[in-house]
Every structure is written in C-alpha cells, then in structure tokens.
Amino acid sequence: MKNIFKILVLLIGFALPIDSSSKGHEHDDHSEHGGGDSGFYIHSGIRIHLDKTLDAAEEGEQVDEASTHSHFEIGYNFNESLAIISDIKIEGGDHGHSHGEEESETPKDKFFEEHKSIVNKLYVNLKTENFDLYAGKFSPVVGFDFHKFPGAYGYQEVEGYALLQKMGLGAKLESDFGDAGTHTINASTFFADTTSLSHSRINNDGKLRKSDGGVSNTEDFSSYSVSLGGKNFFSLDNNFIDGFSYQIGYAKQGKGEGGTEDEKRYSFGVAHTSYLNEGIKMTLIAEYMNISKLGGESGHDRAITTYGLGLERGKFTLGGTLTYKDNDADEADENVDDNIRQVSLGYYVDENLKIDLGYKRKKVSNEVSKIAGITIKYVFDWPSGAHAGHDHHDH
C-alpha cells in the first residue's frame, strides 16, 4: 500500500501540466501574526467535529462525539518590531493518541466533554527585517506545522508527536536568495512548562511539576531544537520548482527526574503546491519523523511517515492523509505498527466558513476503528482584515 501511494503521488505530481501562480483560499485557521499595525488583534480558528464511530473492536466503543479543536491568537503589537503573542487552545477528544498516551477512560457518547483550555503559547517577539528573537512559552519547530496537512482530520496524528507547551527562548533567521528561494533557520532551547500556565482552566487536572518527570521536564536548558525550511523557489523552465517547499529538523529533549534516556528526533518533509489546467489547486505533502527513545524509554523507538494530498477547485476541496507508525519496542504490546488514513470533502460557504464531510480509519494496537463525521471550521480576525499582511511565525 505504501509503494502504491508513493507511485500515485509521483505520477500526479509530475505527469499533469501545472501552473504555479498563486490563487485560491489562503486563509489558514492557525497562523501567528505580530509585527503589524500597533495595538491589539485577534486571529481565531474554530473547528468543531461531529463524529460517529461506525465500527470498532468492541460494540460499546461505537460512540457519537462532539468536540472542538480551536485556537484564539490574541496579540499586541507595540510597533512593527515588538509584539506579545499568545495562543489560547481549547481541545477535546483523544485524537492522535496511542501506545500508552492519554485516552478517554470509558467509551461513551460525548458532547463537548473532557475538554481542556490551555495557554498554548505566550511569548515576546522582537523582529527586524529578517531576524526574530522570541522568549516565553512556544512550540519548538522541528517538522511542518500540523495544520498544513490536508483533510478535516489531517492535523491530528501530526499534532500527536509535535513539541508543544515549552518554555524557553529562540531565534529565527530568514534569508532571501531570489529564485533560489527563501530559507529560514530556527533554533531554540527550552524545557516543559511547569508554571501555572501548564494546567487547564476547563477540566483542570493540575499543573505539571518537575517531580512528574518526563522528557524536557528539567527546568533547565538541556533541551533544544534546530530546523531549516525553504520556500518561494522560482524557475522559468522547471514548473516543479515553483511551489516547492521543505522542512528538516532535529531536537533533543533531556531526561527528567527518574528518567534514564534523552529523547532525540529528526524529521524531513517536502511539500508542493501547483495548479492543474482545469483550475484545480493541488497540494502534495510528505513528512518523516524518527524518534529515538520515545518519551525517554530506552526500549522504544518510533518512526512516523505521513503522506497528504489536497485538491481544491472553487469552493470545493478534497483532501486526505496516510500515516504509518513503525514501533520498535521491547514490550510486546508496544511493538505493534499502526496506520491511520483519513479523507474529507469540503465546501467553503464563504471565505471564513468551511464544512467538511470526513472519514477516518485507524488501526492502533491491532484494533481497527472507523469514524465518519462533519467538521465545521470558522476563522475570523479582529480588527477586520488584520490577517492580511502579517508575518506568520512558526514557533
């Protein structure tokens, strides 16, 4: 199946005539601003899932669930160079978790239950023409932003292994090489957030403490990440170069109290956006993430590969991903490979409101579940139009 999908993607990407000029819907549901007009701004992405489990390992697990994955970015620009940026996140459900990661306790129908609200990010950003310094609570950059993956459920598996809720500082250097593209180096050092910002204001489960252990839970700068990304390539005689982007990264998370191993990870991702002759916008994306000593466990390594394909014509979209998780673990119940596939058909009611009909099949720990649902996504900016013209940070 892996090889068939790879061949299909390559055939679509190289065999069809393309036009890489920019058009179509570009309004992300999770982009960070800063460095714009002075004053407060809000950028919000609200996503509501109405899901039904069609098939599961046990009949009692066939449940209905309403949940949200929403971000409210609230920032203040002192001037074009200095800003305070926050991201308030509200999320429920157990999407993306497996192999000992947190899941819901007892299967049951749920209506916006077990949700948490957290200060996902809160940092100061100092920006010059091509250089940023940031400090506070942020998400260290290793791979692609998980919101780049197509499909109503495309972000979920990638978010499951992203580095989130870290305290520290970092720097980003962006260089424009003309037709050779714009390339960005992003480096940071960090530790897990153990302040009062680490616990939820909804369904409060208490703040994280250093004594809880876990990788990067060290309250020192023994963890770090570094990444290199590129985009905005141009060529007069090679259409593939236009619309191509890449992201490579590495991170080490130091062992916490009681831990025996540091966790190390590296990733490589490529993406391509183009336009077919029929006016269809096509996005191809693939990412490989290799994690050594997952969660600081000496006997568990994991490799995750995700492929994505998105198509858009007018107000209609079609997108999906395939995710493969290869587990190499000493414990038999963890030494099981997983795969998740999802696809959705979407329609933009207007530029801010989108509705998707989606389907997801998960094979996790040798148990298969099938989920179908409706996803409603709404984005808005305040002041109106504040989204346009801002620089998008990826930390």
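The values are calculated or read from the model by the stated rules, or taken from the named source; none is laboratory data. Keep in mind the model is a prediction, meaning the values are calculated, not measured. Because the Cβ atoms are built from the backbone with ideal geometry, glycine has one as well, and the counts that use them run over all protein chains shown.
Quick check on region 172-179. Is at least one of its residues buried (at least 18 other Cβ atoms within 10 Å of the Cβ) and part of a strand (DSSP E or B)?
Checked region 172-179: at least one residue is buried (at least 18 other Cβ atoms within 10 Å of the Cβ) and part of a strand (DSSP E or B).
Looking only at region 256-289, which residues are aliphatic (A, V, I, L, M), out of contact with any Ser or Thr (no Cβ under 9 Å at 6 or more places or on another chain) and without any contact (Cβ under 8 Å) to a residue 40 or more places away in the chain?
Step one: of region 256-289, the residues aliphatic (A, V, I, L, M) are 270-271, 276, 280, 282, 284-286, 289.
Retained after the next criterion (residues that are out of contact with any Ser or Thr (no Cβ under 9 Å at 6 or more places or on another chain)): 276, 280.
Selection gives 280 alone.
Can you name the residue in region 331-342 that is out of contact with any Ser or Thr (no Cβ under 8 Å at 6 or more places or on another chain) and in contact (Cβ under 8 Å) with a residue 12 or more places away in the chain and is also farthest from residue 273 (Cα to Cα) among such residues?
Initially, region 331-342 is screened for residues out of contact with any Ser or Thr (no Cβ under 8 Å at 6 or more places or on another chain), giving 331-332, 334-335, 337.
Next, only the ones that are in contact (Cβ under 8 Å) with a residue 12 or more places away in the chain stay: 331, 334, 337.
Values: 331: 41, 334: 36, 337: 30 Å.
So the residue we want is 331.
Picking from 136, 143, 151, which residue would you name as being buried (at least 18 other Cβ atoms within 10 Å of the Cβ), at positive phi, of a type outside the set (Phe, Trp, Tyr) and in contact (Cβ under 8 Å) with a residue 60 or more places away in the chain?
From the options 136, 143, 151, the qualifying one is 151.
Out of (1) of a type in the set (A, V, I, L, M); (2) at pLDDT below 95; (3) assigned to a strand (DSSP E or B), the odd one out for residue 332 is which?
It is condition (3) that residue 332 fails.
Would you confirm, using the coordinates I've provided, whether residue 373 is crowded, with 18+ Cβ neighbours inside 10 Å and either in contact (Cβ under 8 Å) with a residue 40 or more places away in the chain or of a type outside the set (Asp, Glu) (or both)?
When the stated conditions are applied, residue 373 passes them.
Does residue 26 satisfy the condition of being under 25 Å from residue 200 (Cβ atoms), at pLDDT below 90, part of a loop (DSSP other than H, G, I, E, B) and among the acidic types (Asp, Glu)?
No; evaluated as a whole, the condition is false for this residue.
Among the candidates 238, 204, 186, single out the residue that is surrounded by fewer than 18 Cβ atoms within 10 Å (Cβ to Cβ) and either under 27 Å from residue 149 (Cβ atoms) or small (Gly, Ala, Ser) (or both).
Values: 204 fails: either under 27 Å from residue 149 (Cβ atoms) or small (Gly, Ala, Ser) (or both); 186 fails: surrounded by fewer than 18 Cβ atoms within 10 Å (Cβ to Cβ).
None of the others qualify; the one that does is 238.
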